[in-house]
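The values are calculated or read from the model by the stated rules, or taken from the named source; none is laboratory data. Predicted, not measured: the structure shown is a model, and the values here were computed from it. A quick note on method: Cβ atoms are made from the backbone with ideal geometry, for glycine too, and the neighbour counts reach across all protein chains shown.
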Amino acid sequence: MEFFSHATAIIDAGCTIGAGSKIWHFSHIMPDCRIGENCNIGQNVVISPQVVLGNNVKVQNNVSIYTGVTCDDDVFLGPSMVFTNVTNPRSAINRRDQYARTHVGKGATIGANATVVCGHDIGEYAFIGAGAVVTKDVPAFALVVGNPSRQIGWMSEYGHKLSFDAQGNAACPESGQTYRLQDKHVIRVS
């Protein structure tokens, strides 16, 4: 099975796009990108050169993913969210050799209109609230909101806020998966 590309989408040379992926209206996939299988790239999305997206990544409308960004499988990028790739941009100064890296872990969600300042990693299954501005690394399963973003809790793989008991145990109300909070880190137990 091949991928689908709308007639208005532009896909530059050297890209690898996995089977079952869909690229919608007015999106531009720039040279040497790798897009996994079963991804959905919404309308008016720009994916800069050498970006890597895993399988089943959902990129909503009006998202810009700049060089230096990698996303693992099952990542959700909400409408109009944006990544940066230079910490001190100036129009008259070329800093293409100074792009900072940003890695988004498996299953993470980045909400609508959020901004991820470059050089910060998002842990697996982390949940970045709508409009948040991420200025530091986000741990796995963390829930962060605000500008600058701050952690206000923990999320399950299914996207539910976890409530830990006195022993540091919690269960996802949808899946029944259990989690443990220990030394400011969450791990899934079952």
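Structure data summary
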item	result
Selection within the range 83-114 - in a strand (DSSP E or B) and touching a Phe, Trp or Tyr at 6+ places or on another chain (Cβ under 8 Å)	Phe83, Thr102, Thr109, Ile110
Options Tyr125, Tyr179: the member that is within 25 Å of Asn55 (Cβ to Cβ), in contact (Cβ under 8 Å) with a residue 24 or more places away in the chain, assigned to a strand (DSSP E or B) and aromatic (Phe, Trp, Tyr)	Tyr179
Matching residues in the range 16-53 - criterion: being among the β-branched types (Val, Ile, Thr) and under 16 Å from Gly78 (Cα atoms)	Ile23, Ile41, Val45, Val46, Ile47
Only listed residue being in a strand (DSSP E or B), in contact (Cβ under 8 Å) with a residue 40 or more places away in the chain, buried (at least 17 other Cβ atoms within 10 Å of the Cβ) and not aromatic (Phe, Trp, Tyr), chosen from Val186, Val144	Val186
Residue under evaluation Leu162, criteria (1) under 19 Å from the mean Cα position of the chain (by Cα); (2) crowded, with 20+ Cβ neighbours inside 10 Å, criterion not met	(1)
Residue among Val138, Val104, Val82 that alone is β-branched (Val, Ile, Thr) and touching a Cys at 6+ places or on another chain (Cβ under 6 Å)	Val104
Sole residue being in contact with a His (Cβ under 9 Å, 6 or more places away or on another chain), assigned by TED's automatic domain parsing to the domain that holds Asp97 and crowded, with 19+ Cβ neighbours inside 10 Å, chosen from Val45, Val57	Val45
